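Asks: Take a look at this one; I'll ask things after.
The values are calculated or read from the model by the stated rules, or taken from the named source; none is laboratory data. Just so it is clear, the model here is predicted, and its values are computed rather than measured. Heads up, the Cβs are rebuilt from the backbone with ideal geometry, glycines too, and the neighbour counts pull from every protein chain shown. In case anyone asks, the SASA skips ligands and DNA or RNA and just uses the protein heavy atoms, side chains included. Shrake-Rupley method; radii C 1.70, N 1.55, O 1.52, S 1.80 Å.
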Amino acid sequence: MHRRAARTLPLLAVAAALVSTGAAAPPSAQATPPKVPVAAGYGGAVASVDADASAAGIAVLRSGGNAVDAAVATAAALGVTEPYSAGIGGGGYFVYYDAASRRVQTIDGRETAPATATATLFQENGVPIPFAEGQTSGRGVGVPGTPATWKSALDAWGSRPLGRLLEPAGKLARDGFTVDPTFRAQTEANQNRFKDFPDTRKLFLPNGALPVVGSTFKNPDLAATYAELGRKGTGALYKGPIADDIVQAVRKPPVDPAATRNVRPGDLTAGDLRAYATKRQAPTRVGYRGLDVYSMAPSSSGGTTVGEALNILEGTDLSKLSEAQYLHRFIEASRISFADRGRWVGDPAAEDVPTRELLSQRFADSRACLIRPDRALTSPLAPGDPRSPVPCATTGQAAPTTYEGENTTHLTVADRWGNVVSYTLTIESTGGSAITVPGRGFLLNNELTDFSFAPAAPGVPDPNLPGPGKRPRSSMSPTIVLDDGRPVLAVGSPGGATIITTVLQTLTGHLDRGLPLVDAIAAPRASQRNQTTTELEPGLWNSPLRAELEALGQGFRQNPEIGAATGVQRLPDGRWLAAAETSRRGGGSAMVVRPHGKP
């Protein structure tokens, strides 16, 4: 099969104009660096949604740290500046390419349910509770996995102690960061939830008011928590005073007595925290256009669903199709792979998940022949059986795709030695559970709401029901692409279930359609998740392409913003390129260690 080399970007002229601001000193040395969406140079690269966070990672790389060290420092800083998307109260998935061994390895740092959880965790009298009552509650809180992920990654592949890597984030929390329009808008969207929790209101709505754009936001409690984790290690979150505070906040949510909100308690215990462990596991892998695409295996559905969709698309030369036919194929492959995801993917510790079969080309071929160039499929589409594929047929009962929150954050890092990290982390909904651990400065996740509250359809097996110690299914899709064992690019995105379609569209936009990585990230997005209509961003909603696709039977609804991807790419001349959003979430931050000079 033809092996496609990494593409040289036509936008390098633009990058050259930007990279003079693409490297920045750590946050302790200057004010918030400017955001630029693309930078190219030597010594390593970092891309995230936030300039302070990217600068923290660059500072680690510049001081001799490796990609894993920089990823932890960047993630910790995002816990300060993006506290509604990620933090030590949440979890995530860490994908690592080791240049010395040319191997990709992963860490599952997903949150877990309490040992007492059952399939009816979110039901009362056999009826699912309203989603909002699971979202803003102790019941939705899972055991955080992010601190344990940092420890697992640093123990296996890091070169710097945790305490040193937390220092930039701790200083950022103590001295403050500049409030931007996105932070204010996200606070405003959660104002009604936040005001019902005194500790959350005090931190994020000081004096009862929204933070002012351009003001300085400080979080001294989080600075102190980071300092404690730096001294004692991440185990301090799982046993001891911090753990006790988490358990208390979950079991007796600190609600304003005057609030009318029904805030249900959770059943998390000190034993649940002590028992938490990350999982080191093999990545998913599929071949695509002569490249090897690695991602996260279950409990995330990201690797299997992106992988199945790529396998479905493998038989079509997307580079030769019209834009409408390319989008049609992309939408249909997404629809099919989501139908199979819903039926088969859950936590493999509790469910029989046919990961290998879902990723087989034989199964993909049996599903690909459902796609017609002149007519759209309809949803919900029934799944296939990956263990016994029947060509061009569905073999199960159709079930709708369950809801999944749309916030999270993603960072990508590469270092001077060629190591690469693609890391997606989250606290689930924007603002998580809305419960700030008193005196600790961080929000708790509401990740358990990623479970199905009830079976997706009566009589249809659902592998994503709650269970004791179970990890809820995720869509996080941190991805690394290799060419003959060497990195080509890494990419990922937030966005709940739209993560899968965002990563898939970015990969095909770059690898098949020839878009520079920054343009593939910026391109207007579509997201089909086995639902009756496909979500379109305004750039496609207002395009003549919509009418062409509607003529094929595609139906649409508008979504103002889908995802917020970042990526890094190895250029043919040995430089690293970092790429981020040009406008989504106010734009992302791409930085390199040395914009100029030699390797």
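Asks: Give the stretch 116-151 a look and list any residue that's part of a strand (DSSP E or B) and of a type in the set (V, I, T), or say none.
Replies: Across the stretch 116-151, the qualifying residues are V127, V143.
Asks: Give the residues of the stretch 585-599 that are on the phi < 0 side of the Ramachandran plot and modelled with pLDDT under 95, sorted by residue number.
Replies: P595, H596, K598, P599
Asks: Restricting the search to the stretch 278-291, which residues are in a loop (DSSP other than H, G, I, E, B) and touching a Leu at 6+ places or on another chain (Cβ under 8 Å)?
Replies: R289
Asks: How about the stretch 179-236: which of its residues are part of a helix (DSSP H, G or I), closer than 20 Å to G432 by Cβ and in contact with a Gly (Cβ under 6 Å, 6 or more places away or on another chain)?
Replies: Listed by number, the residues that qualify are T182, D221, L222, A223, T225, Y226.
Asks: Which residues, counting only those in the stretch 125-154, are under 17 Å from G79 (Cα atoms) and either open to solvent by 10 Å² or more (accessible area, probe 1.4 Å) or free of Cβ contacts under 8 Å to residues at least 40 places away in the same chain (or both)?
Replies: A148, K151, listed by residue number.
Asks: Here are some conditions: (1) more than 30 Å from P383 (Cα to Cα); (2) basic (K, R); (3) surrounded by fewer than 20 Cβ atoms within 10 Å (Cβ to Cβ). R557 meets all but one. Which one does it not meet?
Replies: That leaves (1) as the condition not met.
Asks: Go through (1) touching a Ser or Thr at 6+ places or on another chain (Cβ under 9 Å); (2) small (G, A, S); (3) free of Cβ contacts under 8 Å to residues at least 60 places away in the same chain; (4) assigned to a helix (DSSP H, G or I) and name the single condition A249 misses.
Replies: Going through (1) touching a Ser or Thr at 6+ places or on another chain (Cβ under 9 Å); (2) small (G, A, S); (3) free of Cβ contacts under 8 Å to residues at least 60 places away in the same chain; (4) assigned to a helix (DSSP H, G or I) one by one, A249 breaks only (3).
Asks: If we scan the stretch 259-277, do we find a residue that is over 26 Å from the mean Cα position of the chain (by Cα) and without any contact (Cβ under 8 Å) to a residue 24 or more places away in the chain?
Replies: yes
Asks: Counting residues that are at pLDDT 95 or above and either open to solvent by 10 Å² or more (accessible area, probe 1.4 Å) or on the phi < 0 side of the Ramachandran plot (or both), which helices (runs of 4 or more DSSP H) fully inside the stretch 1-115 reach at least 2?
Replies: Those helices (runs of 4 or more DSSP H) span 51-62, 67-81.
Asks: Please state which of the following conditions E548 fails to meet, knowing it meets all the rest: (1) more than 27 Å from the chain's Cα centre (by Cα); (2) surrounded by 14 or more Cβ atoms within 10 Å (Cβ to Cβ); (3) of a type in the set (D, E, K, R); (4) modelled with pLDDT under 95.
Replies: For E548, the exception is condition (4).
Asks: Of all residues in the stretch 501-523, which are open to solvent by 10 Å² or more (accessible area, probe 1.4 Å) and without any contact (Cβ under 8 Å) to a residue 60 or more places away in the chain?
Replies: Within the stretch 501-523, L515, A523 meet the criteria.
Asks: Can you tell me which residue in the stretch 437-483 is most open to solvent (accessible area, probe 1.4 Å), limited to those that are small (G, A, S) and under 21 Å from L78 (Cα atoms)?
Replies: The selected residue is G439.
Asks: Here's a follow-up. Please state which one of A434, A398 is open to solvent by 10 Å² or more (accessible area, probe 1.4 Å), part of a loop (DSSP other than H, G, I, E, B) and more than 26 Å from G539 (Cβ to Cβ).
Replies: Just a single option satisfies the conditions, and that option is A398.
Asks: Here's a follow-up. Just checking, does the stretch 423-430 include any residue being over 30 Å from G44 (Cα atoms), among the aromatic types (F, W, Y) and either assigned to a helix (DSSP H, G or I) or at pLDDT 95 or above (or both)?
Replies: no
Asks: Let me ask something additional. Show the residue pairs meeting these rules: Cβ distance below 8 Å; 6+ apart or different chains; first residue within the stretch 372-385 and touching a residue at least 60 places away in the same chain (Cβ under 8 Å); second residue assigned to a loop (DSSP other than H, G, I, E, B) and loosely packed, with under 12 Cβ neighbours inside 10 Å.
Replies: T378/T532; S379/T532; P380/T532
Asks: Further question on the same structure: It is to be established whether one or more residues within the stretch 526-543 are touching a residue at least 40 places away in the same chain (Cβ under 8 Å), more than 16 Å from F338 (Cβ to Cβ) and either buried (at least 24 other Cβ atoms within 10 Å of the Cβ) or of a type in the set (D, E) (or both).
Replies: No, because not a single residue in the stretch 526-543 is touching a residue at least 40 places away in the same chain (Cβ under 8 Å), more than 16 Å from F338 (Cβ to Cβ) and either buried (at least 24 other Cβ atoms within 10 Å of the Cβ) or of a type in the set (D, E) (or both).
Asks: Select from the stretch 332-369 the residues that are surrounded by 24 or more Cβ atoms within 10 Å (Cβ to Cβ) and β-branched (V, I, T) and list them in ascending order.
Replies: I336, V345
Asks: Can you spot a residue in the stretch 287-296 that is open to solvent by less than 40 Å² (accessible area, probe 1.4 Å), in contact with a His (Cβ under 8 Å, 6 or more places away or on another chain) and not polar (S, T, N, Q)?
Replies: Checked against the condition, which is being open to solvent by less than 40 Å² (accessible area, probe 1.4 Å), in contact with a His (Cβ under 8 Å, 6 or more places away or on another chain) and not polar (S, T, N, Q), the stretch 287-296 yields at least one hit.
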